[in-house]
Amino acid sequence: MPCEDLHAALADHAARRAHPVAPSRPCTCPVRVLADRPDGTVVRHGHVVVKAHAPDAGPALRTRLTAAASPALAGVVLRPLPGAPARVAGRLLTCWPYGTPVDPAAPGAAPWEETAVLLARLHRTPPSVLGAAPPPARGPEKVERALDRLRNSPLRGAARDAVLAAGTGVPVPTAPGPAVCHGDLHLGQLVRDPEPGRGWVLIDVDDMGLGDPLWDLARPAAWFACGLMAPEDWVRFLAAYREAGGTAAGPPGEEWRQLDSPARALTAQIAAQALVKAERAARPLDEDESAFVDACARMAPLPRGRALDAAT
């Protein structure tokens, strides 16, 4: 389906969910395309958001939706609106209440501590209370996919070689871990819960599932290591995670014993994604993208014994 037709179908679906009874006067709700990527297209109509998930989404997505709707994750993950997913042009559609996102123009106001508390609560949630056995979290899988896309792209040069070298040999878990993980944490995955009295909640359950909680901490760790997260924010993030009972950071001062390898992997993933996107759009890297590519060029290879230790 052409993207214009998909946008129109999503907008129509959102309008019907927002106005189950036809309004007496023309609707003045804001209608916007919030995201448009191969793995997800999102359209807002007033207080309703509709997402068309990736074409390969199926039973695993339904299980993730069951988990998101569980009372055990109330106030942690945004609850989907009631109703089974619809299907349009082979894509599953889900409906969500609209929540105000983090303001990208105000990085100093980023809710790092609140994010850390949400992660700690998610990681502490027993999988058995979610109503269905969660599938594996897809964070580690996305690392390999990003590196493969770069490896198979027409791009050549020192930047490509540095990113692939940085990602080579970094141990990536292949089996589900013991904790419920988000799987794709970044500040775009937080919104204000529209329920009165609620705070920030996590959104986008497409990668949520059982995994190693270190992988949810790895992206903030990579931002900090690349100079894109202020040291004081990183310190507060870790402190809030530990104080909320988070299970993955380790004792103060020893967090990098566990976080080094996942942070390396996420740095290589983000850099690989940046290079492929920039090449396809025929544009230069932006400042943040360059920071990740430059970090890959500075990385020393993992000692062989250390990589084997981390993988076992």
TODO: Look through 168, 125 and report the one residue that is among the polar types (S, T, N, Q) and under 21 Å from the mean Cα position of the chain (by Cα).
DONE: 125
- [ ] Residue by residue through the range 138-164, note down the ones that are open to solvent by less than 80 Å² (accessible area, probe 1.4 Å) and either in contact with a Pro (Cβ under 7 Å, 6 or more places away or on another chain) or without any contact (Cβ under 8 Å) to a residue 12 or more places away in the chain (or both).
- [x] 140, 148, 157
Task: Single residue of 87, 25, 16 found to be more than 19 Å from residue 132 (Cα to Cα), modelled with pLDDT under 90, open to solvent by 60 Å² or more (accessible area, probe 1.4 Å) and part of a strand (DSSP E or B) - done: 87
TODO: Exactly one condition in (1) in contact with a His (Cβ under 7 Å, 6 or more places away or on another chain); (2) free of Cβ contacts under 8 Å to residues at least 40 places away in the same chain; (3) small (Gly, Ala, Ser) is not met by residue 84; state its number.
DONE: (1)
Open item on the list: Looking only at the range 201-235, count every residue that is open to solvent by 40 Å² or more (accessible area, probe 1.4 Å) and touching a Leu at 6+ places or on another chain (Cβ under 7 Å) and tell me the total.
Closed with: 1
Open item on the list: Condition check: open to solvent by less than 20 Å² (accessible area, probe 1.4 Å), under 12 Å from the mean Cα position of the chain (by Cα) and touching a residue at least 24 places away in the same chain (Cβ under 8 Å). Does residue 185 satisfy that?
Closed with: yes
Open item on the list: Being outside any helix (DSSP H, G or I), at negative phi and touching a strand residue (DSSP E or B) at 6+ places or on another chain (Cβ under 7 Å) is the filter here; which residues of the range 59-79 pass it?
Closed with: 76, 77, 78
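The values are calculated or read from the model by the stated rules, or taken from the named source; none is laboratory data. Bear in mind that the values here come from a model prediction, so they are computed numbers and not experimental data. Neighbour counts run over all protein chains shown; Cβ positions are idealised from the backbone, glycine included. Please note that ligands, DNA and RNA were not included when accessible areas were found on the heavy atoms of the full protein model with its side chains. Shrake-Rupley method; radii C 1.70, N 1.55, O 1.52, S 1.80 Å.
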